[in-house]
Amino acid sequence: MRVTTFVIVGGGLACAKAAEALRDQGFDGDIVLVTEEQDRPYERPPLSKDYLQGKAERDSAFVHGPNWYDENNVDLRLGVAATAIDRAAHQVRLSDGSSVEYAKLLLATGSSPRQFPGAEDALYLRKIGDSERIKSVIANSSRLIVIGAGWIGLEVTAAARAAGVEVTVLEAAPQPLITAIGSEVAEVYADLHRANGVDLRLGVEVDQVGAKSVGLVDGTVVDADAVLVAIGAAPNVSLAKDAGLDVDNGVLVDASLRTSDPDIFAAGDIANAENPFLGKRVRVEHWANALNQPAVAATGMLGGSATYDELPYFYTDQYDLGMEYIGDIAGYDRVVFRGDKPGREFIAFWLKDNRVLAGMNVNIWDVVDPIKALIRSRKQVDPDRLANPDIPLEEQ
């Protein structure tokens, strides 16, 4: 008998949206969603933003209500990990000893925080339980050390400072976020956190991490009530790698999100996908990919043709600074600021040969679409006109 079951592995936004997309696109076969987590699929951004700060309830993080899976005939298996893929038999083996056959398989296993050697007692943020633990620490501590000045580290820092906790941030790079947004814009975030009382130490190298202290290579010891390690994340590719799929900085997929096995797809953090617009592979660990890629994967799983060529997008809220970023800064040769950079109300544009590669709007809203249009047009712009807020973006 022909198998009509589609299996989805993972527990985040991409998994939930994939199940939703399959039903929306008319798939009436069986869907099995396997997650090692005890909670139904939820979104990650609230864990370092509104939920962590107590501005949102726990339920706000979940993608669907508790009855959605039953109502849509999705077999949601909580607390069960996928342990192996038998590609020849079209089976996924599970941690409870069972296995499930698939006609098509979607991997959306996400990523895990990079561990600092010997820092088993430190805090890490990935799952909803981690956020709850950090929230409790913030409520019951006076001093926190954050190792890493990336998005997660800085968002937790902002939450802790809002609660009156003293925070020391330790970062090896010369500026926070320098890999993501370059030095010209990174200094905005350095100034922001220092203005909000953060002890931001840049260009420092961590040697040892304990539960309540950090030793630096220069011999300095920093003490606190707790330590958070936020030094990036690694894609969870062991399941795919062990199955013999092509893996390199994530699971390699084409523009339709199909892996080297035509019956297996990947989406979200693990997908190192060909992007037709950018002309290269891109792996993005941000919410927008997990939100939008599953519909493309679902189309492919159902035998249709679709490609994912969206520009990378992410956002953050820290203190009174909110921003949205779209594009890819790789290879930029200058940054143009439009608006009030010192007042943190501006748009930054990364250019190469006077063509817009990416844009970030800071405390200025409803401009993502015209920024996206400038990027996609690939046309050369006049940097002076671009910097002039009196000339609409649509007229660049």
Any hit, segment 350-358, residues being surrounded by 20 or more Cβ atoms within 10 Å (Cβ to Cβ), modelled with pLDDT of 95 or more, among the basic types (Lys, Arg) and touching a Phe, Trp or Tyr at 6+ places or on another chain (Cβ under 7 Å): no
Selection from segment 319-339 of residues that are without any contact (Cβ under 8 Å) to a residue 60 or more places away in the chain and over 19 Å from VAL368 (Cβ atoms): ASP320, ALA330, GLY331, ASP333, ARG334
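Conditions (1) among the charged types (D, E, K, R); (2) part of a loop (DSSP other than H, G, I, E, B); (3) more than 20 Å from VAL284 (Cα to Cα), marked per residue:
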residue: LYS241; (1), (2), (3): yes, no, no
residue: LEU245; (1), (2), (3): no, yes, no
residue: ASN249; (1), (2), (3): no, yes, no
residue: LEU252; (1), (2), (3): no, no, no
residue: PHE265; (1), (2), (3): no, no, no
Single unsatisfied condition, ILE128 versus (1) of a type in the set (A, V, I, L, M, F, W, C); (2) touching an Asp or Glu at 6+ places or on another chain (Cβ under 7 Å); (3) within 17 Å of VAL206 (Cβ to Cβ): (3)
Options PHE346, PHE337: the member that is part of a strand (DSSP E or B), farther than 25 Å from ASN289 by Cβ, at pLDDT 95 or above and open to solvent by 30 Å² or more (accessible area, probe 1.4 Å): PHE337
Count of residues meeting criterion [surrounded by fewer than 22 Cβ atoms within 10 Å (Cβ to Cβ), touching a helix residue (DSSP H, G or I) at 6+ places or on another chain (Cβ under 9 Å) and part of a helix (DSSP H, G or I)] in segment 130-154: 4
Test: residue in segment 133-151 that is more than 23 Å from the chain's Cα centre (by Cα) and of a type in the set (Lys, Arg): yes
Residue within segment 126-133 that is among the aliphatic types (A, V, I, L, M) and within 28 Å of ILE178 (Cβ to Cβ) present: no
Output for segment 377-387, where each listed residue is part of a helix (DSSP H, G or I) and open to solvent by 80 Å² or more (accessible area, probe 1.4 Å): ASP384, ARG385
Verdict on VAL63 being surrounded by 14 or more Cβ atoms within 10 Å (Cβ to Cβ), of a type in the set (A, V, I, L, M) and over 17 Å from the mean Cα position of the chain (by Cα): no
Subset of segment 19-72 [out of contact with any helix residue (DSSP H, G or I) (no Cβ under 8 Å at 6 or more places or on another chain), of a type outside the set (Asp, Glu) and over 28 Å from LEU125 (Cα atoms)]: ARG23, GLY26, GLY29
VAL214 being of a type in the set (A, V, I, L, M) and more than 25 Å from the chain's Cα centre (by Cα): yes
Where a residue in segment 299-318 is within 30 Å of ASP28 (Cα to Cα) and among the acidic types (Asp, Glu) and its partner, wherever it lies, is modelled with pLDDT of 95 or more and not in a loop (DSSP other than H, G, I, E, B), with Cβ under 6 Å and at least six apart: ASP309/ASN275; GLU310/ASN292
Residue count for segment 239-265, restricted to those that are of a type in the set (S, T, N, Q) and surrounded by fewer than 13 Cβ atoms within 10 Å (Cβ to Cβ): 1
Out of ASP317, ASP366, ASP390, ASP309, sole residue that is among the charged types (D, E, K, R), part of a loop (DSSP other than H, G, I, E, B), open to solvent by 40 Å² or more (accessible area, probe 1.4 Å) and closer than 27 Å to LYS55 by Cβ: ASP366
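The values are calculated or read from the model by the stated rules, or taken from the named source; none is laboratory data. Not measured: the values here are computed from a predicted model. Note: ideal-geometry Cβ built from the backbone for every residue, glycine included; neighbour counts use all protein chains shown. For the accessible areas, the whole protein counts, side chains as well, though only heavy atoms, and no ligand, DNA or RNA atoms are used. Shrake-Rupley method; radii C 1.70, N 1.55, O 1.52, S 1.80 Å.
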